[in-house]
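For reference, the structure is listed below as structure tokens.
The values are calculated or read from the model by the stated rules, or taken from the named source; none is laboratory data. Not measured: the values here are computed from a predicted model. A quick note on method: Cβ atoms are made from the backbone with ideal geometry, for glycine too, and the neighbour counts reach across all protein chains shown.
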Amino acid sequence: FNFQQVSFLTSAPDIRALPADTGIEVAFAGRSNAGKSSALNTLTRQNNLARTSKTPGRTQLINTFTLAPEKRLIDLPGYGFAKVPLAVKEKWQKSLSEYLQQRQSLKGLVVLMDIRHPLKDLDQQLIFWAVESQLPVLILLTKADKLGPGARKKVLLEVREAVLAFMGDVQVQVFSSLSKLGLPEFEQVLNGWFSD
Ligand code: GDP
């Protein structure tokens, strides 16, 4: 699969405005600043496909990209920014859980977490919803270059151990947009989802 052959499809203000629910799509989610935009740019070898966040928490759109006919990447807005009003947070959580439950074309969810701050409450909530919907999850422990090899391995094993509790299809890998660590493994999982 050539992830480089990516093009911008739409910016949707909410889940209802997403492209038709056909084909295969993979969604990307994570706390603001987790490194989601950087990971999308690294995957697709683009410098500015997904804009890296300058103002976390501002109302964000759901950006969608096409890799091939009927094969899409969905960039969900970052969550967990403290200054967002509670009502907005609750509305977003409701539509996100509906998306994970109802979207037929959704074949996998990539959850990005800073390797130094893994498995926060909202990350766990998201993984719970995905597993409940029988959706495969790939956790990327991002910015892995910030830790040495020993510490990196330790967090990886801890997170793998912790996600056993979800009793679902949840894989965990380390990743760095800076050093490209974990990129081949990341691509392998996506290739599997897109070829289902
Ligand atoms: P987003 O809010 O999840 O889209 O996160 P961004 O991709 O905008 O990244 C947030 C911050 O983390 C930026 O300052 C990035 O430069 C930095 N960052 C992202 N990925 C990496 C990485 O792999 N290594 C390092 N050291 N920094 C990263």
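Within the range 131-149, the set of residues being over 22 Å from Pro184 (Cβ atoms) and either among the aromatic types (Phe, Trp, Tyr) or exposed (fewer than 13 other Cβ atoms within 10 Å of the Cβ) (or both) comprises just one member, Gln134. Contact map, the range 130-147: residues that are closer than 18 Å to Gly182 by Cα and among the β-branched types (Val, Ile, Thr) paired with residues that are assigned to a helix (DSSP H, G or I) and more than 10 Å from the ligand (Cβ to nearest atom), Cβ distance under 6 Å, separation 6+ or inter-chain. Pairs shown: Val137/Ile127; Val137/Ala130.
Of the set (1) in contact with a Gly (Cβ under 8 Å, 6 or more places away or on another chain); (2) crowded, with 22+ Cβ neighbours inside 10 Å, all apply to Leu190 but (2). Specify the residue that is nearest to the ligand (Cβ to nearest atom); the eligible residues are those in the range 3-32 that are within 27 Å of Ile115 (Cα to Cα) and surrounded by fewer than 19 Cβ atoms within 10 Å (Cβ to Cβ). Out of the qualifying residues, it is Ser32. Cβ-Cβ contacts under 6 Å between residues 6 or more apart (or on different chains), taken from a first residue in the range 39-63 that is closer than 16 Å to Ser11 by Cβ and within 11 Å of the ligand (Cβ to nearest atom) to a second residue that is at pLDDT below 85 and in a loop (DSSP other than H, G, I, E, B), are listed as Leu40/Ala50. Within the range 13-38, restricting attention to residues that are touching a Pro at 6+ places or on another chain (Cβ under 8 Å) and of a type in the set (Gly, Ala, Ser), the residue that is nearest to Leu96 (Cα to Cα) is Ser32. Of the residues making up the range 22-41, those that are among the aliphatic types (A, V, I, L, M) and over 10 Å from Val110 (Cα atoms) are Ile24, Ala34, Ala39, Leu40.
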